[in-house]
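Below is one structure, written out as structure tokens; comments come after it.
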């Protein structure tokens, strides 16, 4: 278990041992904190026939099936886009029948906020009246998008956020390379997201971004040239620009920086439209950035 989630996992393990775990948990936390791994390991612990405190035995039939991702009583619902009603109905049918291993049945719904209204409504009765020894774990980083009726029927658990220091310590244990502290701050509470970003092949790094902004502010390049060079990385550019603006605003609260932040929010919305001219919208953003005076 990830170190920042270990205490919470042990608390739930104790509740499993005492048969006091709520049948429906809504696990909340930002993307990249480890929600998926957390609920999967919790489900595997529930199914283990010879638990050792907060750890699975790793040797019983249930553990062997879980290792092979073929346990008949562990069901997972996920989708790249929306979770449709058919996926939920199929999962519910599996929960209604008796457990194949004469133990618990576990249903995990990743990114539960992507359920359609029909999907969520189809799940309500199971949340209200689950069959015996049935546990449902829902994860989300956008709880505001869940129906109130879903949230009211679950025990809500907000996972603890790691500090920047603990994030860096863990990522450094997984990634043998220097980490720019300013870049790490973008992911301070999302260690897995930071690690994924660092491990990804990058032609466009935060160092390149910082150097480009310095050149713009010193008049060594133009807003349009940066926009042309960086248009294929538009999403990253906006995210990093917003972070840069927030850092500047901490040091000096000025109308120019405030307007830059508003423009970045506007561009974020514009980039969601297919066919948008990325060079144009980025140029407008960098024109405002070029007006910032660094204290």
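Scan the stretch 16-27 and tell me whether some residue there is in a helix (DSSP H, G or I) and within 13 Å of residue 135 (Cβ to Cβ).
Yes.
Taking the options 28, 55, 11, name whichever one is within 19 Å of residue 154 (Cα to Cα) and in contact with a helix residue (DSSP H, G or I) (Cβ under 9 Å, 6 or more places away or on another chain).
28
Take the stretch 136-163 and flag every residue that is loosely packed, with under 14 Cβ neighbours inside 10 Å and farther than 26 Å from residue 45 by Cβ.
Selection gives 142, 144, 145, 148, 149, 152, 163.
Taking the criterion of being part of a helix (DSSP H, G or I), surrounded by 13 or more Cβ atoms within 10 Å (Cβ to Cβ) and either at pLDDT below 95 or not assigned by TED's automatic domain parsing to the domain that holds residue 171 (or both), would at least one residue in the stretch 68-81 satisfy it?
Within the stretch 68-81, none of the residues are part of a helix (DSSP H, G or I), surrounded by 13 or more Cβ atoms within 10 Å (Cβ to Cβ) and either at pLDDT below 95 or not assigned by TED's automatic domain parsing to the domain that holds residue 171 (or both).
Counting only residues that are under 28 Å from the mean Cα position of the chain (by Cα), part of a helix (DSSP H, G or I) and modelled with pLDDT of 80 or more, how many does the stretch 259-295 have?
14
Checking residue 102 against (1) on the phi > 0 side of the Ramachandran plot; (2) part of a helix (DSSP H, G or I): exactly one of these is not met. Which one?
(2)
Among the residues of the stretch 13-35, how many are under 15 Å from residue 142 (Cβ atoms) and touching a strand residue (DSSP E or B) at 6+ places or on another chain (Cβ under 7 Å)?
Residues that pass the stated criteria total 5.
The values are calculated or read from the model by the stated rules, or taken from the named source; none is laboratory data. These numbers come from a predicted model, not from an experiment. All Cβ positions, even for glycine, are placed from backbone atoms using ideal geometry, and neighbour counts span all protein chains on display.
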